[in-house]
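I have placed the structure first, in the form of structure tokens, so that the comments after it can refer back to it.
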Amino acid sequence: MSEQPEGGLRDAVQRKGSLLQTLSAVGWSFFGIRRRSGHAEDMSQINPLHLVLVGVACAVVFVVTLIFLVRWVVGSGVAAG
């Protein structure tokens, strides 16, 4: 069986980053702006599994919000020209 290198996936999932820190990292990534030092700090503290789960959840919320917004605008007649 092969050994995991130092700082491997097993160590990464043991990180205890806070939910607020994970939400902040996902929010900045959705915006597309982030300082390199902030990114490096987040990646050293945040659990990658939590990051993926929060990212998927935020993407679902974003898409559902867009769907409801479009339905509201079309239903209100504002979009009719």
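The values are calculated or read from the model by the stated rules, or taken from the named source; none is laboratory data. Small disclaimer: the values here were computed from a predicted structure and weren't measured. Here the Cβ is made from the backbone with ideal geometry for all residues, glycine too, and neighbour counts use every protein chain on show.
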Quick check: anything in the stretch 26-33 touching a Gly at 6+ places or on another chain (Cβ under 9 Å), among the small types (G, A, S) and at pLDDT below 85?
yes
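Looking only at residues in the stretch 25-37 that are touching a helix residue (DSSP H, G or I) at 6+ places or on another chain (Cβ under 8 Å) and among the small types (G, A, S), which one is surrounded by the most Cβ atoms within 10 Å (Cβ to Cβ)?
Start the filter on the stretch 25-37 by keeping residues that are touching a helix residue (DSSP H, G or I) at 6+ places or on another chain (Cβ under 8 Å), which leaves 25-30, 34.
Keeping just the survivors that are among the small types (G, A, S) gives 25, 27, 29.
Working: A25: 23, G27: 12, S29: 15.
The extreme case among them is A25.
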Residues in the stretch 38-56: is at least one at pLDDT 80 or above, surrounded by 11 or more Cβ atoms within 10 Å (Cβ to Cβ), at negative phi and not in a helix (DSSP H, G or I)?
yes
